[in-house]
Amino acid sequence: MFRLLSLGPLYLGPSVDVTVTHGATAVELCGDDRHAQRYCTPRANVLEIDFQDVVRCGNLPDMLKLAILAALNSLPIYKEDQGKTEQKAAQFETLSTALAQSVDEHRNAWIGSPEQLAGVTLTVGYAESGYSLRIQAGDCYAWECDRGRARGLFQMHQSAVQGQHPILWIALPGLDVGSVELSVDQVVRALIRSRKQCGSLERRGKDWLPMTLSAYAGRGCIGGFRGLDERVRTYKRIESVLLARPLQRPAT
């Protein structure tokens, strides 16, 4: 357990002032959790943030949510959504909360780090829908959404959802919390399966990222597809934000 060596304002990232509570110490949650330990540094103990919540070292969903929110805000806004400030803020708030919770829930099934799982999920969402509010709601033009074969933010086919269950697949589109949580949970599960599918190649030194993206797209671990290189570049940009751990104000 770390003890803070200094008091007063502490700067942890862009646009955020953090005040350390007098006598604060790091919480014991940081202990043996290898995923939480990266957040437990002498400058990230028990913090009193100048917005809604107290973020505690070792609370992975809270810390990861802030990083996911920063990553979403770093991406270009879908052309139809430009100017829809309140709607995008609400969308990103719901999505970042759902993804942080899902990553935390499934992190023991994922081979890599929480940031990797969050990053590849965000990459798929951006590549598939651009986080379009209209596509998320299921209002696709005739030529979009694989002509009706793909649904939701992550454009999942029925074959990709858990058990290929038609009711789960039908329920994916929507702007409400329940639909977002379902969509996120299903894509996270699918990406975990995709990385495991390519595990033997990864253990022999192959890069997990393009293989996972290819397997998720139904092209096998080494099949590849047009646009794969661009998705890898998108992931790298997102990952750089996630690993920087910038703390931003949650959307209000």
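Coordinate-derived values only; no laboratory data. Quantities reported herein were computed from a predicted structural model and do not represent experimental measurements. Using ideal geometry, Cβ is built from the backbone for each residue, glycine included, and neighbour counts are taken over all protein chains shown.
Values for this structure:
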read-out	value
Set of lysines near LYS196 by C-alpha distance (under 20 Å), chain-local residues within fewer than 8 positions excluded	LYS206
Those lysines that a straight Cα-Cα span of less than 19 Å connects to LYS65, excepting residues fewer than 8 apart in one chain	LYS88, LYS236
MET156 long-range amide H proximity, modeled H, under 5 Å	ARG151
Per-peptide average of other Cβ atoms within 10 Å, ordering 109-115, 206-212 highest first	206-212, 109-115
